[in-house]
Amino acid sequence: MIRHLIDPVSAGSPREDESVTRILLVEDNPADVRLVQETLASQSTAKFKVVPADCLGAALERLRTERFDAVLLDMSLPDSRGMDTLSRMRRQTASVPIVVLSGLADETVAKKAVRAGAQDYS
């Protein structure tokens, strides 16, 4: 699901445990956080450590102090909405793949997100 999006060159310096993929999950809905955590935990081909952040500010702070292999980003957060959310995240972490999450089934928003630097849209 996420493993194919991670470029080993852009993932940064080696970690103690190369077999665990660190995912920053930026999502304010606790049910969605749990769903993503359970889905990734059930994967037999890779191990994931999901670190949740419930708003963009908290996510940006974590990115300043921790290393992640990918970001799953909700576009509707308490402190940021829409394409501005992606733009702010991309400025903070240009080398980490970002997958934009949204309940919106809007093809136009999906294409804008990819053009603005998202790796993928779900």
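Where a number appears in this text, it was derived from the coordinates with a stated rule and is not lab data. Computed from a predicted structure; not experimentally measured. With ideal geometry, Cβ positions are generated from the backbone for all residues, glycine too; neighbour counts draw on all protein chains shown.
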> So what's the Cα pair-distance distribution over the stretch 33-113, bin width 5 Å, in %?
Replying inline: 3, 13, 25, 24, 19, 12, 3
> Could the peptides 48-58, 29-39 be put in order, highest first, of the mean number of other beta-carbon atoms found within 10 Å of their residues?
Replying inline: 48-58, 29-39
> Tally Lys and Arg at +1 and Asp and Glu at -1 over the other residues with C-beta under 9 Å from the C-beta of D74: what net charge comes out?
Replying inline: -3
> Karplus couplings for the stretch 61-78 from phi (6.51 cos²θ - 1.76 cosθ + 1.60, θ = phi - 60°), rounded to Hz, Gly and Pro as x?
Replying inline: 5, 4, 5, 6, 10, 10, 10, 10, 8, 7, 10, 9, 10, 6, 8, 10, 10, x
> Just for the Cα atoms in the stretch 19-70, what are the lengths along the principal axes, largest first, rounded to whole Å?
Replying inline: 32, 25, 10
> When the Karplus curve 6.51 cos²θ - 1.76 cosθ + 1.60 is applied with θ = phi - 60°, which whole-Hz ³J(HN,Hα) does each residue of the stretch 40-51 get, with x for Gly and Pro?
Replying inline: 5, 5, 7, 6, 8, 8, 8, 10, 10, 10, 9, 10
> For K47, which sequence-distant residues (separation of 5 or more, or a different chain) have an amide H within less than 5 Å of its own amide H, given hydrogens modelled in the peptide plane?
Replying inline: T21
> Given the Cα-Cα distance of V51 and S19 and 0.36 nm per residue of separation, how much length would full extension add, in nm?
Replying inline: 9.9 nm
